[in-house]
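Take a look at the structure below.
A short reminder: the numbers here are calculations on the coordinates, not readings from a lab. Note that the structure is a prediction, hence the values are computed from the model and not measured. Quick reminder, even Gly has a Cβ in these numbers, built from the backbone with ideal geometry, and neighbours come from all protein chains shown.
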Amino acid sequence: MITEQKKEVVRLFSEGRKQYKLMEFSKAKELFDQALKVNPEDGPSKVYSMRCQVYIENPPPEDWDGVFVMKTK
């Protein structure tokens, strides 16, 4: 059975992914961070929140295909 908490994390993550694909990284980061408030151990939300922060600081090109390329280790 899926808990209400898990459903909320999935909802927030899903909406965050939509915003991420639209290159709305600040909005997406807010949604991923909200998901992390519900479940601080949610790995996908952690990863995407970090990626959003990278793109907020260094936006991808206009023709970005949605692929995240790490620049550092």
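Some observations on this one:
- Dipole magnitude of the chain about its Cα centre (Cβ charges: Lys, Arg +1; Asp, Glu -1), debye to nearest 20: 180
- Kyte-Doolittle mean at least -0.5 and Cα axial length at least 15 Å: DSSP H helices in the chain: 25-38, 43-57
- Contact order, relative form, for region 4-57: 36 percent (alpha carbon pairs under 8 Å, 6 or more residues apart, mean separation divided by residue count).
- Seen from all directions on average, the chain presents a Cα convex hull projection of 5.2 nm².
- Positive-end residue, the chain charge dipole about Cα centroid, Cβ charges, pick of 55, 9, 67: 9
- In region 1-69, GluC sites (Glu not before Pro) in a DSSP loop with at most 13 other beta-carbon atoms within 10 Å: 41, 62
- Exposed loop sites here mean chymotrypsin sites (Phe, Trp or Tyr not before Pro) with a DSSP loop assignment and at most 16 other beta-carbon atoms within 10 Å; the chain contains its longest site-free run at 1-63.
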